[in-house]
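The block underneath contains the structure these notes are about, expressed in structure tokens.
The values are calculated or read from the model by the stated rules, or taken from the named source; none is laboratory data. These figures come from a predicted structure and were not determined experimentally. Cβ placement follows ideal geometry from the backbone for every residue including glycine, while neighbour counts extend to all protein chains displayed.
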Amino acid sequence: MKTIVVRRGRRMLWAALGLASGLSGTAVQAQAPAPDSIMVASASAERDTSADMELLMAGDVMIVTASKTAQHISDSPAAVTVITAEQIQQSGATTIAELMRSVPGADVMEPNKSQANIAIRGFNNVYSNKILVMIDGRSINEDIEGNVFWNTEPLLLSRIARIEVVRGPGSVLYGADAFGGVINIITKTPMELLADGKRMSAAAAYGEHTSTFIEAANTQGKIGDWAVTVGAGYHGSKGFGDRQPDKVRDSFSTPILTVDAQKQTSRGSLAFSASNSDAKADLSVQTNVEDGNWHTNSFTLTYNEDKGPNPIMARIYRNSLQLKGSEFDLDARIVNVDLQQQRQISARHQLLYGGSYRQGEFQATPTGSGRHSENLASVFIQDQILIDSRTNLFAGVRWDNNSVYGSQVSPRLSVVRHLPKEQTLRLSYGTAFRAPTLLDTFVNYSSPLLPGVNLNIIGNTGLKPEKVSSFEAGYRKDLATGYVGLNLFYNDVTDLIGNTVTQYAPAPYPAGIPTTVQWVNQGKARAVGFELESGFSLPHGAHGLFNYAFQNVTYQNGEQVIYSPHHKINLVLNTDERRRVTGYLAAHFVGASSDPPATLRAYTTVDARLGYRVGGLANPWTVSLSATNLLDDRHSEYVDSLSAMAPSKSAEAQRRTLWFRADGKF
């Protein structure tokens, strides 16, 4: 019984919601110049994006997320994958989930057109909550379940400079929820867009299932002084169900507005960002939200003093999400303050240290009518020592103190050794934690189950965070025309949060019908695996990527963790974007996974794009035809195991979506 309870933790809550209606996340040189917010400035919009792909192939792309300091990808203390602006443009992707399918070790699950869930190295699920997702260093995870509502997030894909995906625990620098990894979406700054010479950009696409993708941005300012970018967009679809009465509701419509302003100072820069969306979206898997009204907005103010010897970063941001549905309401507001400094101790030794304070207030239908709050204070320090000309040591520790679940300490130790012939070896140990969510902690929900009997679901303010201890080994070989890499990992997971039955229905009802359940820590798991990846150049400026990931994720009794397939293979080919005719082809194989008693079959999908540039490179306009799931492989990526108890909706099989698109700058 315990195994089932641990594995199916959250589902009984969502079953209750359904029943209520149905029955009633070269070593780094010591002079690395910038803390994490400098990541925005490191993405160059001043050169054409094809240069980024060439640098990626040569191992010369600068990254910041793995250590919060600028470094070459081969110097990273963790396994990192970079998705460049060129790759985003070449793919014709309209969602982050499409881009993440090509990342080694990433698990992507789209139950239908309106919902997406992303995990790293296993443990995926609906409302996946074991990775940290950031936009320019600002967390966008929602506290009700710790997940990201991808299709209602006010994010313009055309504004992305690159996406850095760190695989493995990252709590030493980022705290809670950087459990399986970190996705940092880095956007182009207004100053970079101004230096690009094109003040206006636009993209428009129309696809099957009444799908629409529109984005535009305009930048004004004075180079070296100030710049302002205003962006707007609309992402929407009627979904695979096409809003028919007998089909799953999986539509969404998300209007987006963004404003970014940047002012250069004698010591650095001051930046302000704001984003807003008032979306209408269905959340039809494990709950009943149809035509829900989603109001999402954020405000961020960042100061970077990066022109001195010891860079300083200060950031304050506010996130807000309100959901109004027929059966489910949510109101969550977060205020977060980050401070950090990078200090050069000697030619071989530098420290990075900082702290943050976060305050959140929440109210949701399953937690009753009252508001709840949490406060989190943290400090961290990372010591980076160049032991010799070929060996770099990263040692760090972070302390987090939460007003509900108490204190957590997250250490990391990583050694990066450069070998002859452009080879790099990395050994790492680190820990991370996933904080109990709002529902884990405060849920207090009751719904009719049987005549005279309710199903009661109770939270637990005494929950401990889920924890992972990870051992990793990495190898990378940079070649003249690409690279090869291998990463091995062993993750030991403890204190998994699930629920336990504390009361059953009395006679004369049959024995074994639960009437009261409570969230508890009662599980362990283990994940072992490896990721083999390579990038290679092809004739005429074309490029290719290949990766294979194996993972074996099991509970302590040996049972497989759901939605954690053993095998994943990706092959991506794309032409030089400077050519008049461009092409992109991506094949994704995902092995079988299970949600007992059902099994999801293995599937292969193919995404493709064919583009034609109108005009010269100085004023590029491109028209293209693209497709996701080109072969219309009608596979399912989620099993609605609740449908027997709560016959609300079942997941929809994935369908092909053909797009016609135009992109340009002027």
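The lone criterion from (1) buried (at least 17 other Cβ atoms within 10 Å of the Cβ); (2) in contact with a Leu (Cβ under 6 Å, 6 or more places away or on another chain); (3) not charged (D, E, K, R) left unmet by residue 277 is number (2).
Counting the residues of the range 464-482 that are buried (at least 18 other Cβ atoms within 10 Å of the Cβ), of a type outside the set (Asp, Glu) and either farther than 27 Å from residue 181 by Cα or under 25 Å from the mean Cα position of the chain (by Cα) (or both) gives 6. Within the range 60-96, the residues that satisfy the criterion of being assigned to a loop (DSSP other than H, G, I, E, B) and within 19 Å of residue 419 (Cβ to Cβ) are 60, 76, 77, 78. Output the number of residues of the range 382-402 satisfying the condition of being small (Gly, Ala, Ser) and at pLDDT below 95. The total comes to 1. If you go through the range 464-495 and pick out every residue that is at pLDDT below 95 and either part of a loop (DSSP other than H, G, I, E, B) or among the β-branched types (Val, Ile, Thr) (or both), you end up with 2. Just give me the residues in the range 327-347 being surrounded by fewer than 17 Cβ atoms within 10 Å (Cβ to Cβ) and basic (Lys, Arg), in sequence order. Matches in the range 327-347: 343 only.
Within the range 496-514, which residues are assigned to a strand (DSSP E or B) and either among the acidic types (Asp, Glu) or closer than 30 Å to residue 168 by Cα (or both)? Once the filter is applied, which keeps residues that are assigned to a strand (DSSP E or B) and either among the acidic types (Asp, Glu) or closer than 30 Å to residue 168 by Cα (or both), the range 496-514 yields 497, 498, 499, 500.
This table checks each residue for (1) β-branched (Val, Ile, Thr); (2) closer than 22 Å to residue 607 by Cα.
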site	(1), (2)
92	no, yes
97	no, yes
128	no, no
132	no, no
165	yes, yes
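The residue pairs whose first member lies in the range 539-557 and is over 19 Å from residue 491 (Cβ atoms), whose second member is of a type in the set (Gly, Ala, Ser), and whose beta carbons are closer than 6 Å, counting only pairs six or more residues apart or on different chains, are 543/537; 545/535; 546/534. Exactly one residue among 203, 227 is part of a strand (DSSP E or B) and closer than 27 Å to residue 265 by Cα, and that residue is 227. The one condition from (1) β-branched (Val, Ile, Thr); (2) more than 26 Å from the chain's Cα centre (by Cα); (3) outside any strand (DSSP E or B) that residue 385 does not meet is (3).
Can you find even one residue in the range 198-208 that is out of contact with any Ser or Thr (no Cβ under 7 Å at 6 or more places or on another chain), buried (at least 24 other Cβ atoms within 10 Å of the Cβ) and either over 22 Å from residue 637 (Cβ atoms) or acidic (Asp, Glu) (or both)? No, the range 198-208 contains no residue that is out of contact with any Ser or Thr (no Cβ under 7 Å at 6 or more places or on another chain), buried (at least 24 other Cβ atoms within 10 Å of the Cβ) and either over 22 Å from residue 637 (Cβ atoms) or acidic (Asp, Glu) (or both). Of the residues making up the range 513-531, just one is among the aromatic types (Phe, Trp, Tyr) and at pLDDT 95 or above, namely 530.
Against the test of being acidic (Asp, Glu) and buried (at least 20 other Cβ atoms within 10 Å of the Cβ), the options 388, 400, 383 yield a single qualifying residue, 400. For the range 285-327, name all the residues that are in a loop (DSSP other than H, G, I, E, B) and more than 13 Å from residue 149 (Cβ to Cβ). Once the filter is applied, which keeps residues that are in a loop (DSSP other than H, G, I, E, B) and more than 13 Å from residue 149 (Cβ to Cβ), the range 285-327 yields 286, 288, 306, 307, 308, 309, 310, 311, 326, 327. Note on the range 127-144: residues that are more than 19 Å from residue 300 (Cα to Cα) and touching a helix residue (DSSP H, G or I) at 6+ places or on another chain (Cβ under 6 Å) total 1.
Scanning the range 583-601 for residues that are at pLDDT below 95 and either among the charged types (D, E, K, R) or more than 16 Å from residue 638 (Cα to Cα) (or both) turns up 595, 601.
Taken over the range 544-558, the criterion of being surrounded by 18 or more Cβ atoms within 10 Å (Cβ to Cβ), over 24 Å from residue 90 (Cα atoms) and not hydrophobic (A, V, I, L, M, F, W, C) is satisfied by 551, 555. Residue count for the range 404-422, restricted to those that are assigned to a strand (DSSP E or B), surrounded by 14 or more Cβ atoms within 10 Å (Cβ to Cβ) and of a type outside the set (A, V, I, L, M): 7.
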